[in-house]
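Asker: My structure is below; once you've seen it, I'll send some questions.
What follows draws every value from the coordinates through simple rules; no lab data is involved. Everything quoted here is computed from the prediction, not taken from an experiment. Heads up, the Cβs are rebuilt from the backbone with ideal geometry, glycines too, and the neighbour counts pull from every protein chain shown.
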Amino acid sequence: MNKSDFINCIFHSDKTPSMKLYPDHFHCFGCGEHGDIIKLTEKLFALSPYQAAQKLAQDFNIIRINGIKNMKPIKTERQKYIEQEKRTYETLNFYCRYLEKCREDYKPDSLEDELHPLFIESLTKYDQYNYYRDIFIFGMETERKDFMTVCREQITELEKRFTQKSKNEKEQIA
């Protein structure tokens with residue numbers, strides 16, 4: 001492609017660039033071939049217009065929902081798993097840091113003080129959830145998968161609990 005966005009035409013024998021590429025179409029000033037990206041794909045790969053559109057949608061991970069173009073990539077099962085694993089780890093990490101903060105913020109000043117429920121929670125839950133977090137740091141993928149299957153409800157409850165917390169509280173803990 002030269003500086004003027006001209007290329008040698010792919011539809012005829014072309015010694016000098018005669019096809020101009022525009023943002024929304026192409027045009028060959030030598031043979032007169034003209035069209036959009038679907039027509040270009042159709043001609044290049046000997047496809048029908050529908051097949052060309054399907055090829056482009058697949059190649060660029062574009063899907064249509066009720067006739068509306070959705071530019072979000074189609075996620076593979078592996079990508080979905082990786083996102084779920086990341087979300088689970090982030091939830092566990094956040095909860096462990098939250099418990100550490102509660103242990104410090106709500107520790108009693110003396111033996112006679114009544115224990116705050118969040119201090120008690122930090123004492124009773126931290127080791128368990130720190131172990132869970134360690135599975136995501138040091139464990140094998142099979143261990144992480146098993147954990148996410150067995151403890152899905154616990155993690156969902158934690159996510160619900162902390163989505164109710166304000167953004168400021170989350171930032172203070174992080």
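Asker: Between Lys15 and Lys75, what FRET efficiency follows from the Cβ-Cβ distance if R0 is 35 Å, with the result rounded to 0.05?
Answerer: After rounding to 0.05, the efficiency reads 0.15.
Asker: Can you flag which of Lys86/Lys145; Lys86/Lys160; Lys39/Lys75 are past 19 Å Cα-Cα? Spell out each step's value before the answer.
Answerer: Working: Lys86/Lys145 12 Å; Lys86/Lys160 16 Å; Lys39/Lys75 27 Å.
In this structure, Lys39/Lys75 lie more than 19 Å apart at Cα.
Asker: State which stretch of the chain is the longest one without any exposed GluC sites (Glu not before Pro), exposure meaning a DSSP loop state and at most 12 other Cβ atoms within 10 Å.
Answerer: Longest run free of exposed loop sites: 1-111.
Asker: Please work out, to two decimal places, the log10 of the ratio I(q)/I(0) at q = 0.11, 0.19 Å⁻¹ from a Debye calculation in which every Cα of the chain carries one identical scatterer.
Answerer: Result of the Debye calculation: -0.70, -1.22.
Asker: Considering only DSSP states other than H, G, I, E and B, which chymotrypsin sites (Phe, Trp or Tyr not before Pro) in segment 110-156 qualify as loop sites with at most 15 other Cβ atoms within 10 Å?
Answerer: When the chymotrypsin sites (Phe, Trp or Tyr not before Pro) of segment 110-156 are filtered for loop state and at most 15 Cβ neighbours within 10 Å, nothing remains.
Asker: Full extension from Ser48 to Lys107: what is 0.36 nm times the residue separation minus their Cα-Cα distance, to one decimal in nm?
Answerer: Between Ser48 and Lys107, full extension yields an extra 14.1 nm.
Asker: Assuming R0 = 45 Å, what is the FRET efficiency of Tyr22 and Lys145, from their Cβ-Cβ distance, to the nearest 0.05?
Answerer: Working from the Cβ atoms, E equals 0.40.
Asker: Gain in length, Phe60 to Glu153, computed as 0.36 nm per residue apart minus the alpha-carbon separation, to one decimal in nm?
Answerer: Values: separation 93, 0.36 × 93 = 33.48 nm, distance 3.55 nm.
Going from the current span to full extension adds 29.9 nm.
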